[in-house]
Amino acid sequence: MKILVIIPAAGSGTRFGGELPKQFQQLGGKPVIQRVIERFLFHEDVVRVVVAVSEQLLASVAQAPGDRVRFVRGGDTRQQSVTLAFRSVEEEFDIVAVHDAVRPFFADATFRAAIDEAVATGAALPAISMTDTVHTVRGDLLDLTLDRSTLVAAQTPQCFTQKVLREVLDRAEREGEQGTDEAGLAARYGFPVKVVAGDSINFKITRADDLALAETILARWS
Ligand code: C5P
């Protein structure tokens, strides 16, 4: 099995506060992104990892030919970063996994389950059921309450056959659509997308407090 991993890491991380985007902050003495890359390299089926980073950062990373990890320039949106990374490789892969740079705690079992389901179905993502009630708001007024039993929170790694992801990214670009994840776009375009069990520990380091939580998890997890 040949797997390509795409990590969009070109976000500015403005919700986090501070100068350095959250994917480059230190977690247990290493940048978050390095932890994520190393976890993927642990899998021997992962033959290439492409990381989309900002133009400034790209200028400062050393790249050796033949490395399993390659850095490319990202885009203005997450979807553009994924598309640029996807198009930077010419080889054929059985599965392409897309993973947020800021989720260092994905479980190997989750990754395996998403790969297996993507092989069978074409696309798969880990997700967890909602524990909070979710409302829509207008300004600071509550508007509608969504039916929680039909909602899940999407996580990554999201896995696709190369053909499905190519069709999804090409169509989104043609139609000028911006999704916040690729699995959602795939479903919108009529591809079956299997949901596998995610894990609440696989959270996205987003806000300032999240890094302290991540340090606590790391201490217990490894
Ligand atoms: O903004 P959001 O939290 O959805 O970002 C998810 C992932 O997409 C992050 O890893 C972020 O660095 C990445 N991203 C990107 N290019 C952008 C915006 C976000 O690679 N232009």
Practice task
Being more than 18 Å from Leu185 (Cα to Cα), in contact with a helix residue (DSSP H, G or I) (Cβ under 9 Å, 6 or more places away or on another chain) and either without any contact (Cβ under 8 Å) to a residue 40 or more places away in the chain or within 16 Å of the ligand (Cβ to nearest atom) (or both) narrows it down to one of Arg112, Arg73, Arg148, so name that one.
Solution key: Arg73
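Just the residues that are away from the ligand (no atom under 13 Å from the Cβ) and in contact with a helix residue (DSSP H, G or I) (Cβ under 7 Å, 6 or more places away or on another chain), please, taken from region 151-165.
The initial filter retains those residues of region 151-165 that are away from the ligand (no atom under 13 Å from the Cβ), namely 151-152, 159-165.
Answer for region 151-165, where residues must be away from the ligand (no atom under 13 Å from the Cβ) and in contact with a helix residue (DSSP H, G or I) (Cβ under 7 Å, 6 or more places away or on another chain): Cys159, Phe160, Thr161, Val164, Leu165.
What about Leu4, is it surrounded by fewer than 14 Cβ atoms within 10 Å (Cβ to Cβ), modelled with pLDDT of 95 or more, away from the ligand (no atom under 14 Å from the Cβ) and not acidic (Asp, Glu)? Explain how you work it out, then say what you get.
Numbers: surrounded by fewer than 14 Cβ atoms within 10 Å (Cβ to Cβ): no; modelled with pLDDT of 95 or more: yes; away from the ligand (no atom under 14 Å from the Cβ): yes; not acidic (Asp, Glu): yes.
For Leu4, the condition - surrounded by fewer than 14 Cβ atoms within 10 Å (Cβ to Cβ), modelled with pLDDT of 95 or more, away from the ligand (no atom under 14 Å from the Cβ) and not acidic (Asp, Glu) - is not met.
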Practice task
Taking the residues in region 181-198 that are open to solvent by 30 Å² or more (accessible area, probe 1.4 Å) and in a helix (DSSP H, G or I) as candidates, determine which candidate is farthest from Phe106 (Cα to Cα).
Solution key: Arg188
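Here is a list: Leu125, Leu142. Which entry is part of a strand (DSSP E or B) and more than 16 Å from the ligand (Cβ to nearest atom)? Spell out how you get there, then give the answer.
Working: Leu125 fails: more than 16 Å from the ligand (Cβ to nearest atom).
Only one candidate qualifies: Leu142.
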Handout entry: region 42-72, residues that are closer than 20 Å to Phe111 by Cβ, open to solvent by 50 Å² or more (accessible area, probe 1.4 Å) and either touching a Phe, Trp or Tyr at 6+ places or on another chain (Cβ under 8 Å) or in a helix (DSSP H, G or I) (or both)
Key = Val47
Exercise for the section: Identify the single condition in (1) open to solvent by 40 Å² or more (accessible area, probe 1.4 Å); (2) at pLDDT 95 or above that Gln178 does not satisfy, given that it satisfies every other one. Expected result: (2)
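The values are calculated or read from the model by the stated rules, or taken from the named source; none is laboratory data. Given the structure is predicted, the values throughout are model-derived calculations rather than measurements. Cβ: placed from backbone, ideal geometry, glycine included. Neighbour counts: every protein chain shown. Quick note on the areas: whole protein, heavy atoms, side chains included, nothing else; ligands and nucleic acids left out. Shrake-Rupley method; radii C 1.70, N 1.55, O 1.52, S 1.80 Å.
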